[in-house]
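Step one of this worksheet: look at the structure below.
The values are calculated or read from the model by the stated rules, or taken from the named source; none is laboratory data. Note that the structure is predicted; figures quoted are calculated from it, not measured. A quick note on method: Cβ atoms are made from the backbone with ideal geometry, for glycine too, and the neighbour counts reach across all protein chains shown.
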Ligand code: SD4
């Protein structure tokens, strides 16, 4: 594990952004004397899970700078990662389920709580854009499976087939033992969740994933579920999650974080409390990572995870970097 961690940090630095550990080191945007464990940005801000969040943030920032809405930004930002077919955890380049099918989950939500989602969906490059279309063009919030695929085709989205030999070989190899270990550790993690605020204080969020590798065909994680993988409420703030989705669904994780902020809690503390609810519910948790990000409507932000190794990409007018927030546990 140590070796993997060293490799991870090296890759992070080579990616052109600094990796800092803990919120306290991130001082350039801090609000001095706030007494909070979170930092605050005065202008526009974007937070995205994991290192792939750096390229997503860059795109989302460009969209907002170009006059696009924060909703456009969170859609187009995560779409960059969906189109990266070397990414084994988001989009059509993701690892398949145990039947060898790549099934995708995504959702999006705006400042006013409007929401769209797709789940258990195959054959489309940009589930996030289909989720937005569901929000904007139907009276529903979520479409799933072949119904979602048919609706997408009928509404102008073009299916795409993607056969990646390396992914197939790995799956065939996995089939030999068919051992399912739903872990989301330093080497094996997925999902991009993005939460953002524009210069007018408008919030939006998005989340997209191919889910846990080698899951049961039909399994849907937290990522497309409003209140679990993502929750945005313009009156209070936004949150998103990554990790073992079942644990997040069972605690309505992102909703919990936002509601705690509404009740006055600092964003980092809210993420910590959401993690602790998971740990209280599943104290025997071994190797099941969950990480949360939070953005309060005043620009305060933070994160927390069950295990160390979770990181997020932060973009503000002055910062563009990876941050490793705190965690309750250390990998053994
Ligand atoms: C899921 N939450 O499908 C996703 C997977 C993930 O890091 O985020 N792993 O449960």
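Here residue 322 does not fit the description of being closer than 21 Å to residue 233 by Cα, part of a strand (DSSP E or B) and touching a helix residue (DSSP H, G or I) at 6+ places or on another chain (Cβ under 9 Å).
Of everything listed in (1) modelled with pLDDT of 95 or more; (2) outside any loop (DSSP other than H, G, I, E, B), the single unmet condition for residue 171 is (1). Could you tell me whether any residue of region 192-201 is farther than 30 Å from residue 302 by Cβ, assigned to a loop (DSSP other than H, G, I, E, B) and more than 16 Å from the ligand (Cβ to nearest atom)? No. If you go through region 260-289 and keep only what is over 21 Å from residue 312 (Cα atoms) and within 15 Å of the ligand (Cβ to nearest atom), you end up with 282, 285. Out of 158, 209, 242, one residue alone is surrounded by fewer than 23 Cβ atoms within 10 Å (Cβ to Cβ) and either free of Cβ contacts under 8 Å to residues at least 60 places away in the same chain or within 9 Å of the ligand (Cβ to nearest atom) (or both). It is 158.
When region 245-296 is filtered for residues that are free of Cβ contacts under 8 Å to residues at least 12 places away in the same chain and either in contact with a helix residue (DSSP H, G or I) (Cβ under 7 Å, 6 or more places away or on another chain) or within 18 Å of residue 39 (Cβ to Cβ) (or both), the ones remaining, listed by number, are 264, 265. When residue 100 is tested against (1) more than 16 Å from the ligand (Cβ to nearest atom); (2) within 24 Å of residue 115 (Cβ to Cβ), exactly one condition is not met: (2). In the set (1) modelled with pLDDT of 95 or more; (2) buried (at least 19 other Cβ atoms within 10 Å of the Cβ); (3) more than 19 Å from the chain's Cα centre (by Cα), residue 136 fails one condition alone, (2).
When 257, 306 are screened for being within 16 Å of the ligand (Cβ to nearest atom), under 16 Å from the mean Cα position of the chain (by Cα), surrounded by 23 or more Cβ atoms within 10 Å (Cβ to Cβ) and assigned to a helix (DSSP H, G or I), only 257 passes. Within region 229-239, restricting attention to residues that are over 20 Å from residue 306 (Cβ atoms) and in contact with a strand residue (DSSP E or B) (Cβ under 6 Å, 6 or more places away or on another chain), which residue is farthest from the ligand (Cβ to nearest atom)? Ranking the qualifying residues of region 229-239, first place goes to 234. Taken together, the residues in region 63-93 that are surrounded by fewer than 24 Cβ atoms within 10 Å (Cβ to Cβ) and in a loop (DSSP other than H, G, I, E, B) amount to 11. Screening residue 179 on (1) more than 11 Å from the ligand (Cβ to nearest atom); (2) at pLDDT 95 or above; (3) assigned to a loop (DSSP other than H, G, I, E, B) shows it passes everything except condition (2). Checking each residue of region 102-113 against the condition of being surrounded by fewer than 19 Cβ atoms within 10 Å (Cβ to Cβ) and either more than 23 Å from residue 170 (Cβ to Cβ) or in contact with a strand residue (DSSP E or B) (Cβ under 6 Å, 6 or more places away or on another chain) (or both) gives at least one match.
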